[in-house]
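Comments concern the structure below.
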Amino acid sequence: MPVKEQIAVTGLGMVTPAGSCVDATWRRVCEGGSTAAASHPALAGLPVDFCASVGEFDSSVVGRRNLYRLDRFVQLVLVAAHEAVADAGLFAADWDSPRVGVVIGCGMGGVATWEKQHGRLLGHGPEGVSPLLIPMMTPNSAAGEIALALGARGPGMVVCTACASGATAIATARDLLASGQCDIVIAGGTEAVNTPLTVTAFANLGTLSQRCEDPTAASRPFDAERDGFVMAEGAAVLVLERAEHARARGHRPRALLAGCGSASEAHHPTAPHPEGLGASQALRAALRDADLAAGDIDHVNAHGTSTVLNDQVEARVISQALSHGPLVTSTKGVLGHLLGAAGTVEAALTVLAIQQGTVPPTANLQDTAPGIDLNLVTKTASRQPVRAALSNSFGFGGHNVVLAFCAA
């Protein structure tokens, strides 16, 4: 089967700090209001004591027993997967389960469970440690539990490329469809690490904003006063199918996944290459894979972390590769940084931008930093047709993934 066969996005599901479903998240992102909240109880007394957290969500699809058996990162992606499958008009009882795959991106796994159980080991000895610790904390449990809940018996895996993990999952899912191994792939990303140890580690690394006195203004991508990102949690899932498979069952896609580009910088464990070599290579590879010219791109959902180095380098890459000035936004201004889930959440928002003809604003962007020459959407959402768009995801270790979407 030719690799260029069209891949359709037929379903979306999201659980984010902006809302417990796709519609709620999209509405809040378009409004441009930050979701960061002060004085998170678990972070009390730490140098950075705020983050962006998921509020109440429909735990009925998880199951009461599973709320105790599963780490939060798995709970969140289960909810997103159920929404995405329903949005795609699919029913697990009807599909050919060996032809349904699950690929999830996750950067860290069950850190909250790990921290809690380590405390029990120190406080109560070996007998205090739960026998469920290992299946609760291992990242692969996200894909395993989705497969179990939905009866998906095709290839299943969790991929980790740090903050590009969610985008890598989508690219991997595309390959499973293009190779003919699957007819449907549930592709997503999830992360839930708003925990004392993780937040402290990122703070000590110097990547987090220190604006404890004003958390809602902390995440400010591309702004002259940016000082780091805001930790966040959440999950998103895209249902991907070959377009012919979606047409055969009478389902209209939300958008098409036109191309994927990946590259490793081989430069530094945490810092981007100063010239953005890997990011540029991934972006240009995505354009080639999608058979798109630079001028075809109307919108870029930037990685835009609100860190000094990332924003400067990414802006250079975008302005050099896409000199015609497409609309650029970073939704991390609203949502914070969802780490391993960020790439999937932002891919879903890119699909919605195409479908709705609306590009959300970059929250908290008051004064664009010197040297950043981008057509940034600020203050309010911009309504205009979006024929094709890119979603950028970059991770520690030099992992760079760019996804290209176009209108169905």
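Computed quantities for the displayed model
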quantity: Verdict on GLN384 being under 20 Å from VAL237 (Cβ atoms) and either of a type in the set (S, T, N, Q) or not assigned by TED's automatic domain parsing to the domain that holds ASP296 (or both); calculated: no
quantity: Pick from the stretch 377-389, criterion part of a loop (DSSP other than H, G, I, E, B) and either under 19 Å from the mean Cα position of the chain (by Cα) or among the aliphatic types (A, V, I, L, M) (or both), ranking: farthest from ASN310 (Cα to Cα); calculated: VAL386
quantity: Residue tally, condition of a type in the set (A, V, I, L, M), outside any loop (DSSP other than H, G, I, E, B) and buried (at least 24 other Cβ atoms within 10 Å of the Cβ), over the stretch 200-232; calculated: 3
quantity: Only one of VAL359, VAL313 that is in contact with a His (Cβ under 8 Å, 6 or more places away or on another chain) and either in the same structural domain as MET108 (by TED's automatic domain parsing) or surrounded by fewer than 24 Cβ atoms within 10 Å (Cβ to Cβ) (or both); calculated: VAL313
quantity: Total residues in the stretch 390-404, condition assigned to a strand (DSSP E or B) and farther than 17 Å from SER319 by Cβ; calculated: 7
quantity: Pair list, Cβ under 9 Å, 6 or more apart: the stretch 121-140 residue closer than 23 Å to ALA341 by Cβ, other residue among the aromatic types (Phe, Trp, Tyr) and surrounded by 12 or more Cβ atoms within 10 Å (Cβ to Cβ); calculated: LEU133/TRP114; MET136/TRP114; MET137/TRP114; PRO139/PHE73
quantity: So PRO274, is it out of contact with any Ser or Thr (no Cβ under 8 Å at 6 or more places or on another chain), in contact (Cβ under 8 Å) with a residue 24 or more places away in the chain, part of a loop (DSSP other than H, G, I, E, B) and not acidic (Asp, Glu); calculated: yes
quantity: Of the criteria (1) in contact with a helix residue (DSSP H, G or I) (Cβ under 6 Å, 6 or more places away or on another chain); (2) in a loop (DSSP other than H, G, I, E, B), which one LEU365 fails; calculated: (1)
quantity: Within the stretch 100-199, helices (runs of 4 or more DSSP H) holding 2 or more residues that are among the polar types (S, T, N, Q) and buried (at least 24 other Cβ atoms within 10 Å of the Cβ); calculated: 165-178
quantity: Yes/no for PRO272 being farther than 29 Å from ILE184 by Cα and buried (at least 24 other Cβ atoms within 10 Å of the Cβ); calculated: yes
quantity: Those residues of the stretch 1-30 which are surrounded by fewer than 24 Cβ atoms within 10 Å (Cβ to Cβ) and part of a loop (DSSP other than H, G, I, E, B), in sequence order; calculated: MET1, PRO2, VAL3, LYS4, GLU5, GLN6, SER20, CYS21
quantity: Lone qualifier among LEU70, LEU78 - being crowded, with 24+ Cβ neighbours inside 10 Å, in contact with a helix residue (DSSP H, G or I) (Cβ under 7 Å, 6 or more places away or on another chain) and modelled with pLDDT of 95 or more; calculated: LEU78
quantity: Checklist (1) aliphatic (A, V, I, L, M); (2) within 24 Å of LEU374 (Cα to Cα); (3) in a helix (DSSP H, G or I); (4) in contact with an Asp or Glu (Cβ under 9 Å, 6 or more places away or on another chain) applied to ALA286, failing item; calculated: (4)
quantity: Selection from the stretch 170-220 of residues that are among the aliphatic types (A, V, I, L, M) and touching a helix residue (DSSP H, G or I) at 6+ places or on another chain (Cβ under 8 Å); calculated: ILE170, ILE184, VAL185, ILE186, ALA187, ALA192, VAL193, LEU197, VAL199, LEU208
quantity: Meets criteria (buried (at least 18 other Cβ atoms within 10 Å of the Cβ), assigned to a loop (DSSP other than H, G, I, E, B), among the aliphatic types (A, V, I, L, M) and touching a residue at least 40 places away in the same chain (Cβ under 8 Å)) for ILE372; calculated: yes
quantity: Which listed residue is surrounded by 21 or more Cβ atoms within 10 Å (Cβ to Cβ) and either in contact with a Ser or Thr (Cβ under 7 Å, 6 or more places away or on another chain) or acidic (Asp, Glu) (or both), from ALA404, ALA341, ALA388, ALA353; calculated: ALA341
quantity: Flag if SER319 is surrounded by fewer than 18 Cβ atoms within 10 Å (Cβ to Cβ), at pLDDT 95 or above and not in a loop (DSSP other than H, G, I, E, B); calculated: yes
quantity: Search result, residues across the stretch 143-164 that are among the aliphatic types (A, V, I, L, M), touching a residue at least 60 places away in the same chain (Cβ under 8 Å) and either closer than 17 Å to THR344 by Cβ or touching a strand residue (DSSP E or B) at 6+ places or on another chain (Cβ under 9 Å) (or both); calculated: ILE146, LEU150, ALA152, ALA162, ALA164
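The values are calculated or read from the model by the stated rules, or taken from the named source; none is laboratory data. Keep in mind that what you see is a predicted model, and the values were worked out from it rather than measured. Quick reminder, even Gly has a Cβ in these numbers, built from the backbone with ideal geometry, and neighbours come from all protein chains shown.
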